[in-house]
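Chemist: Let me begin by handing over the structure; questions about it come next.
The values are calculated or read from the model by the stated rules, or taken from the named source; none is laboratory data. None of the values given here were measured: they were computed from a predicted structure. All Cβ positions, even for glycine, are placed from backbone atoms using ideal geometry, and neighbour counts span all protein chains on display. In case anyone asks, the SASA skips ligands and DNA or RNA and just uses the protein heavy atoms, side chains included. Shrake-Rupley method; radii C 1.70, N 1.55, O 1.52, S 1.80 Å.
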Amino acid sequence: MVIALPLDDPLAAQNRVGWADLAGRKFLTRTNGISTGLMELAGRYLRAIEAAPLIETLRVGRDTLMVLVSLGLGVSLTTQSAQGLMLDGVVFRPVSEEAVMKRSSCPFSLPGHGTVSPRL
């Protein structure tokens, strides 16, 4: 997965972009196409770091979507095959897909004991 960014975006200077870097960004997606499925996956990653995804879904083609990215109206997720496209004002950077860990606990009690233990 790669992120399409405007050429003058500060993240364009990085070799790779992490999910935390994308927190608070507006994602542009199409009603039809791969970006809708990618946004579902991205939503899971962003929510895992407690960042609500901001998504604008548009009825446009891929080329128009990339023009909107080049104008700085948002960023867009796409597949790695898009890296071969030569589009003015748009750069593609890989998105880190590292697993996001959240600490959680599950209290339980042992049979015959009346107390609840916070450890497993």
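Chemist: Using modelled amide H (1.01 Å from N, peptide plane; none on Pro or chain starts), what sits under 5 Å from the amide H of residue 76, excluding residues fewer than 5 places away?
Modeler: 4, 28
Chemist: Separate question: Hey, if we sort 30, 59, 44 by accessible area with the 1.4 Å probe, largest down, what's the order?
Modeler: 59, 44, 30
Chemist: Once label points are set 7 Å from the Cα along Cα→Cβ at both residue 13 and residue 59, what is their separation, rounded to one decimal in nm?
Modeler: For residue 13 paired with residue 59, the spin-label model returns 4.1 nm.
Chemist: Please work out how much accessible surface residue 39 shows to a 1.4 Å probe, ignoring ligands, DNA and RNA, in Å² rounded to 10.
Modeler: Near enough 10 Å² of accessible area.
Chemist: Could you rank 3, 49, 34 by how accessible they are, 1.4 Å probe, largest area first?
Modeler: Putting 3, 49, 34 in descending order of accessible area: 34, 49, 3.
Chemist: Continuing with the same structure: Solvent-accessible area of residue 81, probe 1.4 Å, all protein chains present, reported in Å² to the nearest ten, please.
Modeler: 90
Chemist: Report the local net charge at residue 55: Lys and Arg +1, Asp and Glu -1, summed over other residues whose C-beta lies under 15 Å from its C-beta.
Modeler: Overall, the nearby charge balance is +4.
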